[in-house]
Structures are given as structure tokens and as C-alpha cells.
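Asks: I'd like to ask some things about the structure below.
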Amino acid sequence: MQIQLELDPDLNDTEIQIIIKAKIYSKTIDELIQYLTAFQRPAEVIAVPGDDQISMIKVKNVIAIEIFKNELDIHTVNGTLKTQERLYRFLAKLPQQNFVQISKSSAINVTHLIRLEAGFSGNMTAILDQEYRQNVSRKYLHDLKQKLGV
């Protein structure tokens, strides 16, 4: 990878333009775009709408997220919040470097991951802070291992 800086006097003082050049589109480029997008809007606190209130939670306190029927459960170090938001929309608000989807219906914050244990039929179980457990499906195991650098 080659990194190059070009100063452009036509841009305003706060504007940054990033151009990615490659011969072919790859997973590395996709990950770079996700990283830059997350860097662009570092969320420390996120709003979670409930039935009759909006709760503000610190992103670093989110342990795991899972969808059950039409309800999204956000498990934090302080308890569980429930909202009607979609999993993919909620994940898009979070920093991609910390969160990874581990099944069709759930995602975890890898900073709260304690260990992975063998589960049933090739699946793994993620053991997180607060003794919270989540099943990692085989389909998403590769992404989790890649996020952990394994």
C-alpha cells in the first residue's frame, strides 16, 4: 500500500478529500472504507429510542446487540435496553473497528470479549463481560477471527 498526501488550496480549511486507487475492488478496500467512515464520525454516545423515552448510552459500554422478532436488545454493562430499530441500521451508527456481526441476528463489541469456546456443530460461543454468552455461527466466524487478528 502506498500513501500519498497532496495539498489542495481549492478545499476549505476543514475539508479532506480521500481518493482510493486500486486495480480491482477487494475486501481490503471495503475494510478501509468502513474504517474511514467510522473515523469520520466517532460516536462516543448514542441515542436509543424506547417506548416513551430516549436513552443515551456510551458506545464503550455496549457489550452485545441482538434482534428477536421486531425488537432490538442492546446489552450494556448497566443492563439491557430495548428498541424497534433494525440491527444493520444500529450497527451502522457504531465504530466498525470494535463491533462485528457474529450471526444473522446478533453482533458483539470485541473489546468486551473474554474468550471463544467450542460450541455445537462447528459453531463457537463468545463469552463476554458480565458472563454474557452469544453463539457465533460458522458463517460469521471468519469475520470475527479476522477482526481479532487470528
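The values are calculated or read from the model by the stated rules, or taken from the named source; none is laboratory data. Keep in mind that what you see is a predicted model, and the values were worked out from it rather than measured. Quick reminder, even Gly has a Cβ in these numbers, built from the backbone with ideal geometry, and neighbours come from all protein chains shown. Areas reflect the complete protein model, heavy atoms only, side chains present, ligands, DNA and RNA absent. Shrake-Rupley method; radii C 1.70, N 1.55, O 1.52, S 1.80 Å.
Asks: Lys and Arg at +1, Asp and Glu at -1: add these up for the other residues within a Cβ distance under 13 Å of Met124 and post the number.
Replies: Numbers: positive: Arg115, Arg133, Arg138, Lys139, Lys145; negative: Glu117, Asp143.
Around Met124, the surrounding residues sum to +3.
Asks: Still on this structure, I have one more. Once you order the gyration tensor axes a ≥ b ≥ c over the Cα atoms, which shape class does the chain get: rounded for a/c under 1.5, otherwise prolate or oblate by comparing a/b with b/c? Please list the in-between numbers first.
Replies: Working: a/c = 2.44, a/b = 1.41, b/c = 1.73.
Oblate, because a/c is 1.5 or more while a/b does not exceed b/c.
Asks: Whole number in Å², please: accessible area per residue of the chain, 1.4 Å probe, ligands, DNA and RNA not counted. Display every interim value, and only then the final one.
Replies: On the way: 11000 Å² over 150 residues.
Each residue of the chain exposes 73 Å² on average to a 1.4 Å probe.
Asks: So how much slack lies between Asp52 and Arg86, counting 0.36 nm per residue of separation and subtracting their Cα-Cα distance, in nm? Intermediate values should be presented prior to the final figure.
Replies: On the way: separation 34, 0.36 × 34 = 12.24 nm, distance 1.84 nm.
Net length gain for the segment: 10.4 nm.
Asks: Moving on to the next point. Tell me the carbon and sulfur percent of the accessible area for the range 1-73, rounded to whole percent, probe radius 1.4 Å. Let's see the in-between values first.
Replies: On the way: 3450 of 6550 Å².
Here carbon and sulfur together make up 53 percent of the probe-accessible area.
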